[in-house]
1. Taking a threshold of 31 Å on the Cα-Cα distance, which of the pairs 2/226; 42/136; 199/268; 226/317; 80/112 fall above it?
2. Counting only residues 5 or more places away or on other chains, whose amide H sits under 5 Å from the amide H of residue 57 once H atoms are built in the peptide plane?
3. For the cross-link pairs 87/132; 120/205; 172/236; 120/239, which exceed 32 Å when the distance is taken from alpha carbon to alpha carbon?
4. Once you sort the root eigenvalues of the Cα gyration tensor of segment 163-313 as a ≥ b ≥ c, which label holds: rounded (a/c under 1.5), prolate (a/b larger than b/c) or oblate (the other case)?
5. Under Stokes-Einstein, with the Kirkwood radius over Cα pairs standing in for Rh, what whole-number D in µm²/s applies to segment 154-193 at 20 °C and 1.002 mPa s?
6. Using a 10 Å cut-off on Cβ atoms, rank the peptides 191-197, 112-118, 234-240, 32-38 from the highest mean neighbour count down.
7. Per residue and in cubic angstrom, what volume does the convex hull of the Cα atoms of segment 159-237 have?
8. Using the Cα atoms of segment 52-154, I'd like the radius of gyration and the largest Cα-Cα distance, Dmax, both in angstrom.
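Laboratory data are not the source of any read-out in this text; all were calculated from the coordinates shown. All values reported here derive from a predicted model rather than from experimental measurement. Cβ sites come from the backbone with ideal geometry, for glycine too, and all protein chains shown count toward neighbours.
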Amino acid sequence: MKYKGHKIEKRKDGRWQARIRENGKQHFVYAKSQIECLNKLKELYKDKPKLIKPQMKLFEAWEYWYNKYKKPLIREDTLKNIRSVFKNQLSILLENKNLKDINSLDFNLAIKKINKPRMKEYASQYIKDFLKSLYKEKLIKYDITDEIKSYHSPRKEGNSLTIEQRKILVEKSYLIENGEMFRFYLFSGVRPAEIFLIKDTDIEKEFIHIPGTKTEKSDRYIPRFKQLDEVLEKLKDIKGPLFKISETTRKRRIYELRQLCGFHFNVKDLRTTFATMCAENGVQQNVIAKWLGHTNVTTTNKYYIKVLNDYEREQIKNLEHKIDSQIDSQNC
């Protein structure tokens, strides 16, 4: 089956996909059935953006780029960031400029005025993407993306729970309402927001589909570990989203579990702990990155794998014992 020249085909994992190529970039639309994939393609092409002209205002060009390149392919939380960047950060300084009059100095000054580091990073990324797309379509004469300064906000590293803390958390989670949610976080490594997107239809025989909230790779499949099966057994009669609670309720449950455990943690710490447990037990780094939905292993190593002192001491003792055994055998 094809739709507007895009072939809809079945993958080895049982899903259906359609490959879309625009301006040298390749995107995929995934679905559980051929019809669902077709409907997603139709939805993607439902609202074709209007053609843009050089005399248009910058905000019109931004809207064109947003509707053509972002809205059909990116999740709502990211789209919200894109809208916020222009509305709250750039429009005051640049909205009345014509597309043909834009220059890198204007953008750099606008980005520099943004106070929040993370928002400054988002703004620089989106502007570069915006300008690159317009240049590829020959809507602007020059590619000025290299002249836009990049910003990288500092990332908060998650903390990994010790082996003893993990035991306590699992034990105490049975004592509170919605406690299975925290065991799911711990044994799946999902992002805080991803857990609310998982539905009963995402549960398969050997894998769980995780609808990612960031990059294309963040939409992924993770194994149904034994510990996750125990959680899924409690949720087997639920239809639709597995965890039907509000953000306010989740915060309340975190507070209750912290009080019972006697130590502080947040949801991101459970994701970091999952990565650490994988590393401690010999799972390859590229596999951990795949399960976490990371584009590359560097992010996994830098922010998520925390091999703990108590585990390292155990490894040191094992190594020392093996070395002693080898030396003693040589002296016999």
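1. Working: 2/226 40 Å; 42/136 25 Å; 199/268 21 Å; 226/317 29 Å; 80/112 21 Å.
Long pairs (Cα-Cα over 31 Å): 2/226.
2. Residues meeting the amide H criterion: 99.
3. Numbers: 87/132 20 Å; 120/205 43 Å; 172/236 22 Å; 120/239 40 Å.
Pairs exceeding 32 Å: 120/205; 120/239.
4. Oblate, because a/c is 1.5 or more while a/b does not exceed b/c.
5. Numbers: Rh = 11.3 Å.
Translational diffusion coefficient: 190 µm²/s.
6. Numbers: 191-197: 18.3, 112-118: 12.4, 234-240: 10.4, 32-38: 15.7.
Packing proxy ranking, top to bottom: 191-197, 32-38, 112-118, 234-240.
7. Working: hull volume 8.5 nm³, N = 79.
Convex hull of Cα atoms, per residue: 108 Å³.
8. 12.7, 39
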